C-alpha cells in the first residue's frame, strides 16, 4: 500500500525526502513511461543527488554534461521535456524562472 | 599583520564588497585588491533598453576604477587560476597575489559557441544577443532595419542572468513594433527551455494575460541544439524547429574561465559552489563568492548580488576574527520587470517565497507587486542613478534590506497543492 505524500498543484513532491523508488515508477507510468530502465535511473538518481547537495535541479545542459547521458538520448528517455519530467519522477521541484 | 583581501571581479558584487570592506577595516587592518580584465563597468540592466534606442551604450558604461573608495587597489589583469592550496591568485603574464581572504565576484560568461552554428554565418546579421554591449548595439541597428517578419527570442538553457530579461524583451519588442506601425506584419515568439513564460503559480495566474494582450507566441520546453543563421531555422534537440527572420538569443552561461582552471573551485559549468546562507565557498573557508559567479539557486540578478553584498562584508570580518559566520542570506531578489508602454511590474521574493501580489514599501511610497504600473516603470528608470550613487558605494538603501520583507505581501495566496 502506498503512503500519501504532499504534492504541489502540478504533482511535484513538496518534500523530496518522501520520495521512494516505487513512487518514481508510478509517476513515470502516469506520464507515459511504462518501465524505468537503468538509463532512466541513471538520470533520475543524478538529478536527486545534485538537488540534495546543491539545492538546484540540474538543467538539460548540466544533465548532458555530467549525468553520462547525452542530451539527444535524454529526450528519447523522457519525451518532450527531460528536465521537468525527470524532476517529477525524481521527487524534486520543476525547473523555474523568477516569475 | 595586515590582512590581504583579494576580490576577483570589479562588477556589481566586487565593487560593493570592496567599498563595504574599506569602510569596515582601517588601512592598517587590511589591504583590499580588486582585479578585473578591463576598466568598463556596464550597468547591465540598461542592456535591455539599448536595442530599442531607449539607452545608448555610452550611458550605461562607466570606468570600474572610478567606482571604488580611496584605499582600494584596482589591478587590470587576467586571472589564470587560483592556487587554493597556497592561497594565491595567478595572473596571466606572471603576476601573483597572495591572499588571506578571496572573494570570487567574476560573474557569468556568455557561451554562444556551445550551441552548434550560433556563431556561424548570420551571427551579427540576423542572430544577436543583447547580453553584451556590442550585441545590444548591433541588435539596435538590426531592429531599425527590421521591416516585419518573425522575431524569435530564444533562451538556450538556464541558468541565465536576469531570467526576466527575455520576457521584458518580447514585451518591449511588441511596443517597439507597434510604435513603428509594423506589428501586424510581425510575429514575436519566445522559445524557452522552461514549461512556460511564467513558471511560478501566482505569477502565472496574474500575468498570463500579458501574453495574449501582446500576442506573444510561446514555444516551451524547447532546448535549442542548432542554429542555421542563413536559412533562419532554430532546431531543438528533439527535432522541433522554429523559423526566424531575426533571432535574439540568450546564449548558454557559465562562470569565469579561471574558475574552471582552479581545481575544486567550481562545478561543471564553472560556477562556484557556495553556501546559500553564508556565501562561503565549499572548497575552503577563506574563499567567498557572490553574485552571478555562484551556483546558488537564487536568481542571477544585480539585486541579489547587492543583498548578498550587504551581508558578505560582515561574514568576512567574522571569518578574520575567528567568529562563527552569520547564516543570514535568504535568496532575496527584487526586480522591476518592464512590460512596455511605460509600465512595469515589481517582484520581490526569496529562496522560499515566490513572487506574490500586494504592495512593496519604498522611499517613493508603496509600489504594487506583480501588477503593471507607471510608478514601477519610473522606479526602474530611477534605479540607474541609485545604482551608481548609492548601491555601488555600499550604502544601505532605506527600506530595502538584504532580507525579504513580508509586510504588504499577500502571502495567503501561496497554495500548497494536495496529496497523492
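Summary table below
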quantity	calculated
Inter-centroid distance (Cα atoms) of segment B:253-284 relative to segment A:17-73, Å	24
At 1.002 mPa s and 20 °C, Stokes D of segment B:336-413 from Kirkwood alpha-carbon radius, µm² per second	163
Cα long-axis angle, helix B:133-145 against chain B (0 to 90 degrees, to the nearest 10)	10
Dimensionless Rg over Rh [segment B:80-154; C-alpha; Kirkwood]	1.22
Fluctuation leader among B:251, B:51, B:366 - chain B, Gaussian network, Cα springs under 10 angstrom	B:366
For chain B, the fraction of alpha-carbon pairs in successive 20 Å shells from zero, as %	26, 57, 17, 0
Percentage relative contact order, segment B:1-160, counting C-alpha pairs under 8 Å, at least six apart	27
Contact order relative to length of chain B, as percent, for alpha carbon pairs under 8 angstrom and 6 or more apart	17
Helix-only mean residue ellipticity at 222 nm for chain B, each DSSP H run of n ≥ 4 adding -39500 (n - 2.57), per residue, nearest 500	-7000 deg cm²/dmol
Averaged over A:13-19, number of beta-carbon atoms from partner chains that fall within 10 Å	1
Fewest-first ranking of B:389, B:33, A:16, using other Cβ atoms within 10 Å as the exposure measure	B:389, A:16, B:33
Fewest-first sequence of B:307, A:51, B:128 by Cβ atoms within 10 Å of each Cβ	A:51, B:128, B:307
Cα-based convex hull volume of chain A per residue, rounded to whole Å³	105
GNM top mover of B:71, B:93, B:379 - chain B, alpha-carbon springs below 10 Å	B:93
Folded to 0 to 90 degrees: helix B:12-24 orientation relative to chain B principal axis, Cα	30
Residue order, fewest to most surrounding Cβ atoms within 10 angstrom, among B:1, B:158, B:367	B:1, B:367, B:158
Cα-derived Rg to Rh of the protein assembly as shown, Kirkwood definition	0.96
Rg over Rh, two decimals, segment B:231-282 (C-alpha only, Kirkwood Rh)	1.24
Cα-based helix-to-principal-axis angle, B:201-213 vs chain B, degrees rounded to 10	40
DSSP bridge pairs, segment B:112-250: antiparallel proportion in percent, nearest 5	25
Over 22 Å [Cα-Cα, segment B:266-420], rounded percent	47
Contact order normalised by residue count of segment B:336-413, Cα under 8 Å, 6+ apart, percent	33
Chain B: antiparallel DSSP beta bridges as a percent of all, rounded to 5	45
Mean projected area in nm² (Cα convex hull; one quarter of hull surface) for segment B:86-206	12.1
Choice from B:363, B:27, B:257 with maximal GNM fluctuation in chain B (Cα, 10 Å cutoff)	B:363
DSSP beta bridge pairing in the protein assembly as shown, given as percent antiparallel to the nearest 5	50
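Throughout, read-outs are computed from the coordinates displayed, never taken from laboratory work. Remember, it's a predicted structure, so these values are computed and weren't measured experimentally. Note that we place each Cβ from the backbone using ideal geometry, even for glycine, and neighbour counts take in every protein chain shown.
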